[in-house]
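Step one of this worksheet: look at the structure below.
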Amino acid sequence: MGSDSDLDRLQPTLAHLAEFGVGCDVRVLSAHRTPDLLVEFVRGAEARGIGVFLCAAGGAAHLAGVVAAHTLAPVIGIPMDNPPLGGLDALLATVQMPGGIPVASVAVGGGGPANAALMAVRILALSDADLRTRLEAFRAAMGAKVVAKDAKVQAALS
């Protein structure tokens, strides 16, 4: 993350990764204020077993792009909904990457942090059968909750 002030809003990310048993390194690194430390972290990531980067940043939000410039691993940007523009600046910085340096992006605020973790799990599940099985069970449980809610609504309306 670009700032420690993002940590509270990233709790859904951490919770989903933990739910699936996916370990993570949580760091505060800035594309602008600690560029050398950021590049060092990214360049050593593969040796540490990191397979996907989740980069949360607000404002200029260059974190995901700088990470993507220094790795071949998938990078998912989480644009933070900071003032004064409510995250629009972070969203645009995250999605407007030049051709050849892709960064995936999730929603600003709301479900974005959770979806970043779930997208990372999907990517990792491509080469991990156990993780895929857990992801399938998660999806089935989500569907079952919707079916139960629908049944409750239908019962209340009849």
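Read-outs throughout are calculated quantities, based only on the coordinates presented, and are distinct from any laboratory measurement. Note that the structure is predicted; figures quoted are calculated from it, not measured. A quick note on method: Cβ atoms are made from the backbone with ideal geometry, for glycine too, and the neighbour counts reach across all protein chains shown.
The orientation-averaged shadow of the Cα convex hull for the chain, equal to a quarter of the hull surface, comes to 11.1 nm². Membrane-span-like helices in the chain, defined purely by DSSP H runs whose alpha carbon atoms cover 24 Å or more axially and whose average Kyte-Doolittle hydropathy reaches 0.0, are 129-157. Helical content of the chain, expressed as a calculated mean residue ellipticity at 222 nm, amounts to -15000 deg cm²/dmol (DSSP H runs of 4 or more residues, -39,500 (n - 2.57) each, divided by residue number, nearest 500).
Taking other Cβ within 10 Å of each residue's Cβ, how do SER30, SER127 sort, fewest first?
The fewest-first ordering by Cβ neighbours comes to SER127, SER30.
For segment 6-89, a Kirkwood hydrodynamic radius built from all Cα pairs, placed in the Stokes-Einstein relation at 20 °C and 1.002 mPa s, yields a translational diffusion coefficient of 159 µm²/s. Our coupling estimate for segment 62-67, obtained by passing each phi through the Karplus curve with A = 6.51, B = -1.76, C = 1.60 and θ = phi - 60°, is 8, 4, 4, x, 5, 4 Hz, Gly and Pro reported as x.
P(r) tail for segment 68-146, what percent of Cα pairs lie past 14 Å? The partial results should precede the final answer.
On the way: 2105 of 3081 pairs.
The share of Cα pairs beyond 14 Å in segment 68-146 comes to 68 percent.
Ranked by the mean number of other Cβ atoms within 10 Å of their residues, highest first, the peptides 61-67, 113-119, 22-28 fall in the order 61-67, 113-119, 22-28. Per-residue Cβ neighbour counts within 10 Å put MET80, MET142 in the sequence MET142, MET80, beginning with the fewest. When ILE101, ILE76, ILE123 are arranged by Cβ crowding within 10 Å, least crowded first, meaning fewest neighbours, the order is ILE101, ILE123, ILE76.
Across segment 22-32, computed HN-Hα scalar couplings (Karplus, 6.51 cos²θ - 1.76 cosθ + 1.60, θ = phi - 60°) run 9, x, 8, 9, 10, 9, 9, 9, 10, 5, 9 Hz from first to last residue, x flagging Gly and Pro.
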